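Below is one structure, written out as structure tokens; the observations come after it.
The values are calculated or read from the model by the stated rules, or taken from the named source; none is laboratory data. For clarity, every value in this text was computed on a predicted model and none was experimentally measured. Counting neighbours? That spans all protein chains shown, and the Cβs are built from the backbone with ideal geometry, glycine included.
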Amino acid sequence: MTSASLRVACGVLSVLTVLAGGLGMAISFLFLGSNRQEDIAAGAAGFVAGAILIGSGLVSLSLIATRGDQAGDGAGQRAAADPSNDEGRRGSTGFTGS
């Protein structure tokens with residue numbers, strides 16, 4: 001698998017995770033209106049699980065979006081490992097520490 005196809009597959013799985021979390025929260029919300037204590041506890045647990053799925057899906061989508069340009073070429077790693085490249089050690093801010 002190439003880096004681009006892996007990035008697309010991870011993006012699709014992230015979107016599916018967000019959708020599954022939203023669907024789980026919607027179904028769990030129906031159980032929160034019940035009179036039985038067991039249904040309320042199950043609905044609350046499902047609601048929390050759905051929120052975790054939505055949060056993790058959004059975090060993975062944002063990581064894919066922000067690191068998508070950097071992933072595959074390795075230019076950042078080569079620049080940091082090159083001892084003659086002062087930019088790789090200091091970073092892009094130009095701060096030298098003195």
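What the table below lists for this structure:
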| read-out | value |
| --- | --- |
| So residue 23, is it at pLDDT below 95 and not in a loop (DSSP other than H, G, I, E, B) | no |
| Flag for residue 55 being among the small types (Gly, Ala, Ser) and loosely packed, with under 14 Cβ neighbours inside 10 Å | yes |
| Top-ranked residue in region 26-47 [being among the aliphatic types (A, V, I, L, M) and in a helix (DSSP H, G or I); ranked as nearest to residue 62 (Cα to Cα)] | 26 |
